[in-house]
Amino acid sequence: MTDKFVDRLPAPEIAGVVIPWFTPADRPTPDRLRETSGLVEALGCQLGFVRPEQIRKKNPSFLLSGGILDRMAGDLEEGACTLAVVDGALSPVQQRNLEKRLGMKVIDRTGLILEIFGLRARTKEGRLQVELARILYERSRLVRTWTHLERQRGGSGFLSGPGESQLEADRRMLDDKILRLRRDLDEVKRTRSVQRTGRRRSGTPVIALVGYTNSGKSTLFNRLTGADVFAKDMPFATLDPTIRKVELPSLGDAALIDTVGFISDLPTHLIDSFQATLEESLQADLLVHVRDRSSVADREQARDVMSVLERLEKESGLALPPLIEAWNKIDAMPASEAAALKNLALAETDPPAVAVSALTGDGMGELLKLIERSLLSGRLEIELDLSPAQGRVRAWLHQKGDVVEERAAEDGSSHLVVRLSAERLGQFRSEFPGLLRAADHSAAED
């Protein structure tokens with residue numbers, strides 16, 4: 001016998017990356033270079049090289065011009081790369097031609113993100129969404145991509161005709177899969193709707209974290225809830241949405257949702273496929289937009305996030321919930337800049353914001369207070385005088401509302417000041433008709 005072990009694990013892929021840009025406004029920033037490098041590493045590949053290349057004139061066959069393509073081929077060979085990544089949009093013909101020219105697998109930005117999502121999906125819902133996005137992407141690549149798709153399939157006899165081409169058959173097969181996956185995701189939507197209805201009936205406020213990928217959402221989620229969701233300094237470290245309980249200072253229990261991160265040039269296929277998950281954000285009572293304020297690309301990233309949310313709002317017909325911002329990663333900033341950011345957050349900002357560090361816990365108390373103030377701002381305040389016999393009313397108000405003040409009199413009656421959402425106020429009127437008179441409550445928002 002030998003003491004040597006045979007390593008049967010496959011060698012990791014080594015990826016060479018080119019980021020094409022066309023105008024000075026498109027030129028990749030250092031943050032974009034780091035983001036692309038992070039995407040490759042999130043796929044589990046070693047990074048051979050990453051280089052921006054200016055494309056003065058697009059080559060219809062390859063996208064890249066001859067000199068750039070020759071330089072890329074040489075670098076791929078020198079770095080022993082096994083995967084070529086073009087961090088941009090490739091047409092099916094360009095992808096096929098590049099694979100022939102370079103002699104290896106080539107993927108574009110959409111393909112790269114889809115590969116990462118395929119690795120990260122853990123739940124049945126996540127796998128369904130990734131599979132749907134992958135098939136939608138593949139379907140768009142059938143046309144003129146492979147020559148075997150031009151073959152005809154048909155029966156015998158003069159009545160059968162030439163039959164359908166392999167291209168048509170493959171497209172029909174993918175359409176059938178898409179239909180099945182959409183049905184399965186519709187079932188997910190129904191399940192989520194039932195769960196949301198249950199949370200509403202219990203009076204539990206729902207808060208959703210949204211933000212650019214790698215902004216620290218999952219770290220903040222773990223800090224606020226004490227959960228152990230996978231959080232790592234890489235894009236799309238977590239994919240499946242997670243819901244946990246968070247304790248608010250006076251409102252008590254609330255539900256906190258950690259959603260998938262957004263990214264610039266987020267593929268349309270992904271937005272369409274993850275709509276069931278992303279709409280969970282639009283059904284929340286409050287959105288917390290987590291921003292990485294230590295990033296020089298923070299403003300551009302914030303615009304990308306709002307762009308996706310506005311698209312979802314338009315396509316779903318649902319209005320965006322109230323929104324606040326958590327200015328994260330102040331621990332990664334110089335002390336003077338972090339202090340200035342804290343002072344800015346204390347001023348009246350639109351939307352309201354608080355400076356925090358999810359890693360160290362700095363600012364968590366202020367964030368919870370801001371969340372609670374924002375949830376209460378849409379509530380109506382009512383005043384009631386209850387007799388000792390109206391114990392059920394008092395119990396309902398304590399369970400469903402926020403009792404701001406309660407004074408007991410010597411005769412056993414009590415005076416209550418309670419905040420209720422508009423929905424809860426309607427339920428109260430239905431449950432206890434006639435108890436509230438027009439003069440008994442203020443419709444002014446608190």
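The values are calculated or read from the model by the stated rules, or taken from the named source; none is laboratory data. In this text, all values refer to a predicted model and were calculated from it rather than measured experimentally. Here Cβ is always computed from backbone atoms with ideal geometry, including for glycine, and neighbour counts include all displayed protein chains. Accessible surface areas use protein heavy atoms only, side chains included; no ligands, DNA or RNA. Shrake-Rupley method; radii C 1.70, N 1.55, O 1.52, S 1.80 Å.
Conditions first: (1) of a type outside the set (A, V, I, L, M, F, W, C); (2) open to solvent by less than 50 Å² (accessible area, probe 1.4 Å); (3) more than 20 Å from VAL260 (Cβ to Cβ). ARG120 passes all but one, so which condition is the exception?
(3)
Please name all residue pairs, on different chains or six or more residues apart, with Cβ atoms under 8 Å, provided the first residue is in the stretch 313-328 and is of a type in the set (A, V, I, L, M, F, W, C) and the second residue is surrounded by fewer than 13 Cβ atoms within 10 Å (Cβ to Cβ) and assigned to a helix (DSSP H, G or I).
Listed by first residue and then by second, the contacts come to LEU320/GLU310.
Condition test on GLY118, is it modelled with pLDDT of 70 or more, of a type in the set (Gly, Ala, Ser) and under 24 Å from SER91 (Cα atoms)?
When the stated conditions are applied, GLY118 passes them.
Find the residue count for the stretch 395-446, including only residues that are assigned to a strand (DSSP E or B), modelled with pLDDT of 85 or more and hydroxyl-bearing (Ser, Thr, Tyr).
The number of residues fulfilling the criteria is 1.
If you scan the stretch 28-83, which residues turn out to be open to solvent by 50 Å² or more (accessible area, probe 1.4 Å), of a type in the set (Ser, Thr, Tyr) and closer than 18 Å to GLU115 by Cα?
Of everything in the stretch 28-83, just one residue is open to solvent by 50 Å² or more (accessible area, probe 1.4 Å), of a type in the set (Ser, Thr, Tyr) and closer than 18 Å to GLU115 by Cα, namely THR82.
Suppose we filter the stretch 364-389 for residues that are closer than 30 Å to THR349 by Cβ and at pLDDT 85 or above; how many remain?
Residues flagged as closer than 30 Å to THR349 by Cβ and at pLDDT 85 or above within the stretch 364-389 amount to 12.
For the stretch 395-428, which residues satisfy the criterion of being open to solvent by less than 20 Å² (accessible area, probe 1.4 Å) and over 18 Å from LEU251 (Cα atoms)?
Within the stretch 395-428, SER414, PHE428 qualify.
Got a sec? Which of LEU64, LEU76, LEU90, LEU114 is more than 24 Å from PHE22 (Cα to Cα) and of a type in the set (A, V, I, L, M, F, W, C)?
LEU114
Scan the stretch 90-103 for residues that are open to solvent by 70 Å² or more (accessible area, probe 1.4 Å) and under 13 Å from LEU64 (Cβ atoms) and report the count.
1
Are there any strands (runs of 3 or more DSSP E) wholly within the stretch 275-389 with 3 or more residues that are under 30 Å from LYS400 (Cβ atoms) and open to solvent by less than 40 Å² (accessible area, probe 1.4 Å), and if so which?
The strands (runs of 3 or more DSSP E) meeting that bar are 286-292, 323-328, 380-386.
Take the residues of the stretch 336-364 that are without any contact (Cβ under 8 Å) to a residue 12 or more places away in the chain and not polar (S, T, N, Q): which is farthest from PHE428 (Cα to Cα)?
Applying the filter and picking the extreme gives GLU337.
Would you confirm, using the coordinates I've provided, whether GLY48 is more than 15 Å from PRO20 (Cα to Cα), touching a Cys at 6+ places or on another chain (Cβ under 7 Å) and of a type in the set (Gly, Ala, Ser)?
When the stated conditions are applied, GLY48 passes them.
For PHE262, indicate whether it is among the aromatic types (Phe, Trp, Tyr), more than 22 Å from ASP362 (Cβ to Cβ) and modelled with pLDDT of 80 or more.
Yes: the conditions hold for PHE262.
Would you mind telling me which numbered condition in (1) out of contact with any Lys or Arg (no Cβ under 6 Å at 6 or more places or on another chain); (2) modelled with pLDDT under 70 PHE236 fails?
Going through (1) out of contact with any Lys or Arg (no Cβ under 6 Å at 6 or more places or on another chain); (2) modelled with pLDDT under 70 one by one, PHE236 breaks only (1).
Do the conditions hold for ARG392, that is, is it of a type outside the set (Gly, Ala, Ser), farther than 28 Å from PRO322 by Cβ, modelled with pLDDT under 80 and surrounded by fewer than 18 Cβ atoms within 10 Å (Cβ to Cβ)?
The answer is no for ARG392.
Looking for whichever is within 20 Å of THR110 (Cα to Cα) and modelled with pLDDT under 85 here; the options are SER273, SER307, SER281. Which one fits?
SER273
Condition check ((1) assigned to a strand (DSSP E or B); (2) out of contact with any strand residue (DSSP E or B) (no Cβ under 9 Å at 6 or more places or on another chain); (3) on the phi < 0 side of the Ramachandran plot) across all residues:
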{"residue": "GLU53", "(1), (2), (3)": "yes, no, yes"}
{"residue": "LYS57", "(1), (2), (3)": "no, yes, yes"}
{"residue": "ARG96", "(1), (2), (3)": "no, no, yes"}
{"residue": "ARG101", "(1), (2), (3)": "no, yes, yes"}
{"residue": "VAL106", "(1), (2), (3)": "yes, no, yes"}
{"residue": "LEU114", "(1), (2), (3)": "no, no, yes"}
{"residue": "PHE117", "(1), (2), (3)": "no, yes, yes"}
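Touching a residue at least 24 places away in the same chain (Cβ under 8 Å), touching a Phe, Trp or Tyr at 6+ places or on another chain (Cβ under 9 Å), open to solvent by 30 Å² or more (accessible area, probe 1.4 Å) and under 22 Å from THR204 (Cβ atoms): does that describe GLU431?
So GLU431 passes the test.
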